[in-house]
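The values are calculated or read from the model by the stated rules, or taken from the named source; none is laboratory data. Since we're looking at a predicted model, the values are computed, not measured. Quick reminder, even Gly has a Cβ in these numbers, built from the backbone with ideal geometry, and neighbours come from all protein chains shown.
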Amino acid sequence: METIKQLITDGKTDEAIRLLDEYIEKNASSDEAFYLRGNAYRKEGNIRMALNNYLTAMDLNPDSPARIAHNQLISILNFYNKDMFNQ
């Protein structure tokens, strides 16, 4: 998992997602793997896949750090600046 975390940090998200896909095939109950895959998708800008992975991680472990990441991402999506409209 440390290697995957480093890949995500380094922006090598395609490789991290590939490794996580392989890991999840064998360890479908690993909330950490879904959380990390959510982080990789978020870094790529694929918000839908990030949220889906965070939700799966939270289903597997309600205390997963995915809950915080999910809530932060939802807050970002819900934010808007009314002053920027109609310009």
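Could you look through the range 76-87, keep only residues that are aliphatic (A, V, I, L, M) and within 24 Å of residue 50 (Cα to Cα), and pick out the one that is modelled with the lowest pLDDT? Steps first, answer last, please.
Step one: of the range 76-87, the residues aliphatic (A, V, I, L, M) are 76-77, 84.
Now narrow it down to the ones that are within 24 Å of residue 50 (Cα to Cα): 76-77.
Working: 76: 88, 77: 85.
Per the stated criteria, the residue is 77.
Taking the range 32-57 as the range and being surrounded by 20 or more Cβ atoms within 10 Å (Cβ to Cβ) and of a type outside the set (Ser, Thr, Tyr) as the test, the residues that pass are 33, 34, 36, 37, 38, 39, 40, 42, 50, 53, 57.
Residues in the range 58-75 that are at pLDDT below 95, in contact with a helix residue (DSSP H, G or I) (Cβ under 9 Å, 6 or more places away or on another chain) and either surrounded by fewer than 16 Cβ atoms within 10 Å (Cβ to Cβ) or among the small types (Gly, Ala, Ser) (or both): 74 alone.
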